[in-house]
1. Normalised by the residues of the chain, what does the relative contact order come to in percent, with Cα pairs under 8 Å and at least six apart?
2. Could you check the spin-label model distance between Thr337 and Ala63? Points 7 Å from the Cα along Cα→Cβ, value in nm.
3. Calculate the translational D of the range 521-631 in whole µm² s⁻¹ from Stokes-Einstein, where the hydrodynamic radius comes from the Kirkwood formula applied to all Cα pairs, the temperature is 4 °C and the viscosity 1.567 mPa s.
4. Nearest 20 debye, what's the magnitude of the dipole of the range 521-631 about its Cα centre given +1 on Lys and Arg Cβ and -1 on Asp and Glu Cβ?
5. Rounded if a/c is under 1.5, else prolate if a/b beats b/c, else oblate: with a ≥ b ≥ c from the C-alpha gyration tensor eigenvalues square-rooted, which is the chain?
6. Only Lys, Arg, Asp and Glu count, each charged at its Cβ (+1, +1, -1, -1), so figure out the dipole size of the range 291-367 about its Cα centre, rounded to 20 debye.
7. How many angstrom separate the Cα center of the range 106-130 from the Cα center of the range 580-632?
8. Using a 7 Å offset from the Cα along the Cα-to-Cβ direction at both Asp255 and Ala120, what is the distance between the two label points in nm, to one decimal?
Amino acid sequence: MKKLALVIVFAATVVHGQAPVFDLVIRHGTVIDGTGTPRYGADIGIRNGYITAIGDLAAASAATEIEARGLFVAPGFINIHSHVVPDALPTAVNMLTQGVTTEIFNADGGGPIDLEEQMATLNDAGLALNIGGYIGFNSVWQTVVGNTDRRPVPDEIERMRGLIKDALGYGAWGVSAGLDYKPGYFARTEEVIKVVDVARAMRTNFTNHDRITPESNFSSRVGVNETVAIGQKAGLVPVVTHMKAQGREQGTAGDILASMRQATRRGYYTAADAYPYLAGQSGLGALMIPGWAQEGGREAMLERFADPEQRARIIKESEQAMTARFGGPQGVYLPRTQQELTDVMKTMNAGPGETLLRIIETGDPGAILRFGIEADLVKILQDPVTSMACDCGASTATRTHPRYYGSFPRVLGRYVREQKIMTWEQAIRKMSGLPAATVGMVDRGLIAAGMPADITVFDPNTVIDRATYENPALPSEGIRHVLVNGKLALRDGAATGAKGGSVLTRGANMPSRPGPDAAARRVSAKAVGSDDERVTVDLVQRAGARQASGTFTFAHRRFNRSVRLITPGVLQVYNGWASFTGVVKAGDEDTTATVIIDQHDPDFPETTTLMIQLGNGLHIFAQLPRGAASIK
């Protein structure tokens, strides 16, 4: 089937009397396509920023050629838990050298309320990679309720719901929360559900930094269960973000993952993301100073520090949290000054809690917080629903967590090549196809005909992280070339300065869903739309196949518009929804297309909707009869 597709692609250009001409060809690489299916050897042809041919392109010419013999060619990695520094986005060297081509930020419930303004401002400065944003629950709560621990009145609940609905209407990739951080910490579970339930019809996700509280004896499992419960009751896909089993519950990751699988078996798909380190990073006081002491913001907190009675209580409770979550002061490292907390304690001649407060009184520096054990991390990384996401982002900082420079290559070098805890195909799926599906993307995360050319080429023999806690800004090795929307952003390991990135937004017909697999799937329909559009589709992807086969045509005779599929890409299906990309003939032009057929479009519940986004920028929308399509 692959050979037939290539013949057809060639024929589209041979009629003009010449061999196919591409903007860029990647030659002789080993393709790992992001679906988890076995790798294969092929060339990749790119035109106008899209993948238009995969196979033997020896007869084809290109303006730019990349020799990838001995290298793996993968979809660009997608970081769905990003903390970007805006000024770094025009270059994003630390992320490109990890193979990342897309960042989704406003994680842990943060970020601006006005996503449209945020994205426009960032886009104006130029983007080295693609960006998108969540709407942050904590930001919404703070905007309406403030920093105080009080119960919102019904009108305030509605205002928060409205802010989330507006952001999702713009194109937010889900609702993020950091219920471990203040003031989101002050929201009760049932209040969170009431607020985020407004996103139910959008079929999106709720990604949360789990709330770890003294009342639960600082239990990771209780925090995970809360995240899952909120997602279930609000009708959203719960995503346990930067998942871990910390403190006293070290060694229980298998049990926590089992409880998540039980939720999925009950009909509530549950996902996760994780980074490959045994320490996190946060504000020094954010997760150890008790919630009641942080109420009202920094100034109110410092006033409590100054009261001897309250100070004694804060010290006691902070030390309890430090011990339960991070194993005591030996679990805390200060990257800005490159000091262990235990060394600062000696200098100050004070206990851990008193030392903590004294440091915070002069500022609130970032802290590296050690939380886990390797056996738990391996189980979390191996689980098929866990995406790789670095809890980092584009940055130029040099005193930070090594994850900002090493996360993705560390998984590939340490955990795949050296430890072999998973296959190359499984790891690439966790960095591309799986995170794309988790947040609802339909045209990223896979190498397939019609997909935008976000591609990472790396050396499987040398890829590895070099960053350490002592030298966190050492760049990784082995990522050779990175394309963002068809433009070379990294060539021979060096950033080119190209600004090929774009702002990505989510549509109502892009549901969060399980990641790609090798199962057989099919979509078929023959229907007339509400405006006399004629649609015929019969596409099947056989079990283990690399691409779909079959036909798709669209015609609107009154407006003289037609689309005919020439080369199909990968077919994706989920619960009455199907999507595929491919090379198409649109009128007299050869271009690419992303097609979505949706039986549960929240904006048009009485019909089946068809959306065609052409690579030439044309957008086609049609409403078909409710039962027009068969998707399985």
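1. On the way: 1625 pairs, mean separation 102.7, N = 632.
Here the relative contact order equals 16 percent.
2. For the pair Thr337/Ala63, the computed spacing is 5.4 nm.
3. On the way: Rh = 13.8 Å.
Once the numbers are plugged in, D ends up at 94 µm²/s.
4. Working: 12 positive and 11 negative charges, 93 e Å.
Approximately 440 debye in magnitude.
5. Values: a/c = 2.18, a/b = 1.57, b/c = 1.39.
Verdict is prolate for the chain.
6. Values: 9 positive and 12 negative charges, 36 e Å.
Rounded to the nearest 20 debye, it is 180 debye.
7. After rounding, the separation between the Cα centres reads 28 Å.
8. Taking the simple label geometry, Asp255 and Ala120 are separated by 5.2 nm.
Taken together, the values in this text are just the output of simple stated rules run on the coordinates, not laboratory data. Here the structure is a predicted model, which means the values were calculated and not measured. Cβ: placed from backbone, ideal geometry, glycine included. Neighbour counts: every protein chain shown.
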